[in-house]
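Working notes, structure below.
The values are calculated or read from the model by the stated rules, or taken from the named source; none is laboratory data. Just so we're clear, the structure is a prediction, and the values are computed from it rather than from any experiment. Backbone-built Cβ (ideal geometry, glycine too); neighbour counts: all protein chains shown. All accessible areas refer to the heavy atoms of the entire protein, side chains included, with ligands and DNA or RNA removed. Shrake-Rupley method; radii C 1.70, N 1.55, O 1.52, S 1.80 Å.
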Amino acid sequence: MKFIVNEEEKSFELIENGKSEVIPLYSNRAFEIMNKSWLKVGWNQKYTYTFSWMGRPMIQLPEDVIRLQEVIYQLKPDLIIETGVAHGGSLMFHASICKAGGWDCKIIGVDIEIRPHNRKAIESHELFPYIELIEGSSIAPEIVKQVHERAKNAKQVLVILDSCHSREHVCAELEAYADLVTTGSYIVATDGVMKDVADLSLGKPEWKLDNPYEAAQDFLKKHPEFKEEQPAWPFNESNGLKDNFTHWPGAWLKKVQ
């Protein structure tokens, strides 16, 4: 696929499979096509590695962060479980939304290795009272058991999977934690964008099928109590836009029964 942007003529020429099509530059379709390319270029340039939240690096696409905020505020969970801690920015993000909203919430972060400098920074952070760290593989039986024990009295649970992104690992995580998700809430299999960046210099060819998106699709086939559903935007005065521009395609799995 190739496209030509002509700002002077306000046109957008799409060239695909030897055929050319000219559409208005300032249209939803042109915007969507350009964004797909922008997402790939930004991913390859490590754009998401340029942000932090309240002092801690947060490796996420800004739109995904805003959409997640919308969900957290609407659900007001009393327990958020996230696999994958890294620098702790996402944990601070979850905690800050709950603190600002004024409801009690526990944030559990699970990671196979929490590096000492990251642990020190997280534990010394002013939001750490909201957070509990569990070190170990997110799919190890003893770790899964610990998380389940912490979730016994939770009434509204949101789960975010952001650790190892192989299809096999995410499938195992989905099976391990889906039963904790409360009806109307979500388990989120992040970073399915891997399937779209497999051909880039920082990607790997095997990512085309070995990714969280495929894991989520595998899970849905076996679990009719969940459905893939992008959370509705609580505010939308655009000219007809309705889909997230995201690193998390197919990630939002909602428990419906």
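Here are the numbers for the structure shown:
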item: Ranking by accessible area, most exposed first, for M194, M92 with a 1.4 Å probe; result: M194, M92
item: Carbon/sulfur fraction of accessible area - the range 191-257, other protein chains in place, 1.4 Å, %; result: 51 percent
item: Accessible area of the chain divided out per residue, in Å², using a probe of 1.4 angstrom; result: 52 Å²
item: Sulfur and carbon atoms: percent of accessible area, the range 86-162 [1.4 Å]; result: 50 percent
item: 5 Å-binned pair-distance histogram of the range 16-161 (Cα, whole percent); result: 2, 9, 16, 18, 17, 12, 8, 6, 5, 4, 3, 1
item: Point-charge dipole on Cβ atoms (K/R +1, D/E -1) for the range 1-147, about Cα centre, debye to 20; result: 160 debye
item: Compactness of the range 1-62, expressed as Rg and Dmax over alpha-carbon positions, Å; result: 15.7, 49
item: For the range 56-142, average projected area of the Cα convex hull in nm²; result: 5.7 nm²
item: Value of [θ]222 nm, deg cm²/dmol, for the chain, DSSP H segments ≥ 4, -39500 (n - 2.57) each, nearest 500; result: -10000 deg cm²/dmol
item: Student exercise, the range 171-237 dipole from Lys, Arg, Asp, Glu Cβ charges, in Debye to nearest 20; result: 100 debye
item: Measure of compaction for the range 110-257 (Cα Rg per 2.2 N^0.38 Å); result: 1.14
item: Share, in percent, of DSSP beta bridges within the chain that are antiparallel, nearest 5; result: 50 percent
item: Added length on full extension, which subtracts the Cα-Cα distance from 0.36 nm per residue, L209 to E9; result: 68.0 nm
item: Taking all pairs of distinct alpha-carbon atoms in the range 168-219, Kirkwood radius in angstrom; result: 11.8 Å
item: Principal axes of the chain: Cα extent on each, largest first, Å; result: 60, 38, 37
item: Rounded to whole Hz, the Karplus (6.51, -1.76, 1.60) HN-Hα couplings of the range 202-209, x for glycine and proline; result: 9, x, 9, x, 5, 5, 3, 10
item: Accessible area of E135 in the full protein assembly, 1.4 Å probe (Å², nearest 10); result: 90 Å²
